Amino acid sequence: MQPETLTRPELTLADRCDRCGAAAKVRAVLPSGGELLFCGHHGRAHAEKLRESGVEVQQGGE
């Protein structure tokens, strides 16, 4: 029996960047299970530091 994997929904136009409010293109999944959403600009600006902190960075669909 396979364990169930929780998946997060695809980003939509309603999802907004937590930094500036633009359309979200990147989801950062925190080790605690929470998440942060970023536009492409802020996602690129913070991706390296987030990954160093053990955060899973996911690109949203175009």
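Considering only residues that are touching a residue at least 24 places away in the same chain (Cβ under 8 Å) and of a type outside the set (S, T, N, Q), which ones fall in the range 47-61?
Val55, Glu56, Val57, Gly60, Gly61
Are any residues in the range 15-30 surrounded by 15 or more Cβ atoms within 10 Å (Cβ to Cβ) and touching a helix residue (DSSP H, G or I) at 6+ places or on another chain (Cβ under 8 Å), and if so, which ones?
Across the range 15-30, the qualifying residues are Cys17, Arg19, Lys25, Val26, Ala28.
Filter the range 15-30 down to the residues that are under 17 Å from Lys49 (Cα atoms), part of a loop (DSSP other than H, G, I, E, B) and either aliphatic (A, V, I, L, M) or out of contact with any Leu (no Cβ under 8 Å at 6 or more places or on another chain) (or both) and list them by number.
Arg19, Leu30
Any idea how many residues of the range 31-53 are open to solvent by 50 Å² or more (accessible area, probe 1.4 Å) and either closer than 20 Å to Thr12 by Cα or outside any helix (DSSP H, G or I) (or both)?
Of the residues in that region, 7 qualify.
The values are calculated or read from the model by the stated rules, or taken from the named source; none is laboratory data. Bear in mind the structure is a predicted one, so any value in this text is a computation, not a measurement. When we count neighbours, we look across all protein chains shown, and the Cβ atoms used for this are built from the backbone with ideal geometry, even at glycine. Accessible surface areas use protein heavy atoms only, side chains included; no ligands, DNA or RNA. Shrake-Rupley method; radii C 1.70, N 1.55, O 1.52, S 1.80 Å.
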